[in-house]
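Below: the structure, in structure tokens.
The values are calculated or read from the model by the stated rules, or taken from the named source; none is laboratory data. Just so it is clear, the model here is predicted, and its values are computed rather than measured. Note: ideal-geometry Cβ built from the backbone for every residue, glycine included; neighbour counts use all protein chains shown. Heavy atoms of the whole protein, side chains included, go into the accessibility calculation; ligands, DNA and RNA do not. Shrake-Rupley method; radii C 1.70, N 1.55, O 1.52, S 1.80 Å.
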Amino acid sequence: YSIMVWKMIYKEIIMKIVGLIAEYNPFHNGHLYHIEEAKRITGADAAVVVMSGDYVQRGTPAIMPKRLRAEMALRCGAGAVFELPVCYSTGSAEYFARGAVSLLDRLGVVDSICFGSECDDLEAMQRTADLLLQEPPDYQEILRRHLRQGTPFPAARQEAVTEYTGDDRAARILREPNNILGIEYLKALKKTGSSMKPYTILRRGAGYHDRELAGEFSSASAIRSLLAYSGSSLRAEQMAGAFDNTPFSRILDDLENQVPSVCLALLRDYHRVQYPIYQNDFSLLLKYKLLNKSPKSLIRYMDVSEELANRICARLNDFFNFKQFSELLKTREMTRTRIDRALLHIMLGIKKKNVQEFMDGGFHFYARLLGVRKDQSRILSEISEKGTVPLLSRLSEDNILSETGRRMLRHDILASNLYTSVVTDKYRTAFQNEYKQALIKI
């Protein structure tokens, strides 16, 4: 009897937590499935999410503000949501993954990490991750050869992996976006020396890039496309098609089977109050920054090469809007996503030397909490006790941070204030800077 009592006490004391990395742009049924399935297969008591803030990894602003997306996640089962600093959330897959994994690790309470993938083969993904982590000399030479031929890096890497291993299965894995991120998470776990155990879940329903609604598990891309049409006369994208005159109530009807009911209610309540937000809503902000730059100054920013810096300045007279200018700058060697990220980094002032400083200092100097479920607030006391990074729930507490930490935080605050400025200007609502934004408690 006494052994059973001690087991019950031990279970009450020790909380098992799974870490999730997400953008929720926007939250949909697939994300709900991910949270529930991650807790089931890991046996976790709670899920902690590291989520991109107001800008996402493909180099664009999120379609809706971070707090609205965080609230959706909390109402659908996430225990707590932390913001991934903007320098990592807008980085390449490698920077994004390293920043997110290291933050989860430094919380000190996360036992496992669970991510979605198209292949659902953790062993095969681990083999590919090991190869890309080691980068044997022969592999490096093959990769350089393909890059010299003008092949974009993603395709060049696929070709190099196939040629080096003599097996095209690894290359097929590298063709899918969730697999690519998953491999980067596995690499980051090894680089970090983390004890978090990885799990993967097979992505259900539509493909990542599918633009049409399909069944109950449509892609975020398809849902964003539908919501984008809901901007009507307020849209800042060039759109045309069957949805032009579709009332928003009809769009909500179409989304009824695509998003959890609590999310549908938030989509209805905040439509044309906080969203939709488009890349082109930031066009004047971007052009202002570009008009003040020279090629020499542009190469200081993340993802900006000397070649791209020269091309930006040479074509600036052809600037019409953010999206059009990015498309104009695209070449065979440089993907549109890479250019989107570069332009976003220029607009937000994210420089190579700053990001290097942050990484050299340990990647993170705080864990910024966006929201928590009241019934799982014990997570926070666990993090306060076991974490190796300060828990930041209010910006007024920034005096506990190092100078480098305050510098990183200023980048995050500026990025969010710019986003909020665009939202409030577009929808004629009152502006609230980051210092006045309240912690979400569900």
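A few notes on this one:
- When restricted to residues that are among the charged types (D, E, K, R) and open to solvent by 40 Å² or more (accessible area, probe 1.4 Å), region 410-442 contains 5.
- Odd one out for SER326, checked against (1) surrounded by fewer than 22 Cβ atoms within 10 Å (Cβ to Cβ); (2) more than 18 Å from the chain's Cα centre (by Cα): (1)
- Residues satisfying the stated conditions in region 66-82, i.e. open to solvent by 10 Å² or more (accessible area, probe 1.4 Å) and either of a type in the set (D, E, K, R) or within 13 Å of the chain's Cα centre (by Cα) (or both): ARG67, GLU71, ARG75
- Annotation: of all residues in region 270-307 being open to solvent by 90 Å² or more (accessible area, probe 1.4 Å) and either part of a helix (DSSP H, G or I) or at negative phi (or both), the one that is modelled with the lowest pLDDT is ASN292.
- The condition of being farther than 30 Å from GLU382 by Cα, open to solvent by 60 Å² or more (accessible area, probe 1.4 Å), outside any loop (DSSP other than H, G, I, E, B) and not basic (Lys, Arg) holds for only one of ASP120, ASP130, ASP138, that being ASP138.
- Failed item, numbered, when GLY19 is tested on (1) open to solvent by less than 10 Å² (accessible area, probe 1.4 Å); (2) over 27 Å from THR420 (Cβ atoms); (3) of a type outside the set (Val, Ile, Thr); (4) in a helix (DSSP H, G or I): (4)
- The residue that is surrounded by the most Cβ atoms within 10 Å (Cβ to Cβ), counting only those in region 383-409 that are over 20 Å from LEU439 (Cβ atoms) and among the basic types (Lys, Arg), is ARG407.
- Test for ALA129: is it within 30 Å of VAL389 (Cα to Cα), in contact with a helix residue (DSSP H, G or I) (Cβ under 6 Å, 6 or more places away or on another chain) and not charged (D, E, K, R): yes
- Hey, ASP375 at pLDDT below 95 and among the charged types (D, E, K, R) or not: yes
- For region 328-358, the set of residues classified as closer than 11 Å to CYS87 by Cα and not in a helix (DSSP H, G or I) consists of GLY349, ILE350, LYS351, listed by residue number.
- Test for ARG336: is it modelled with pLDDT under 95, within 18 Å of VAL56 (Cβ to Cβ) and surrounded by fewer than 22 Cβ atoms within 10 Å (Cβ to Cβ): yes
- Among the residues of region 165-194, those that are polar (S, T, N, Q) and either at pLDDT below 95 or over 30 Å from THR388 (Cβ atoms) (or both) comprise THR165, ASN178, ASN179, THR192.
- Failed criterion for PHE325 (all others in (1) aromatic (Phe, Trp, Tyr); (2) in contact (Cβ under 8 Å) with a residue 60 or more places away in the chain; (3) not in a loop (DSSP other than H, G, I, E, B) hold): (2)
- Filtered by the rule that a residue be polar (S, T, N, Q) and crowded, with 18+ Cβ neighbours inside 10 Å, region 172-203 gives ASN178, ASN179, SER194, THR200.
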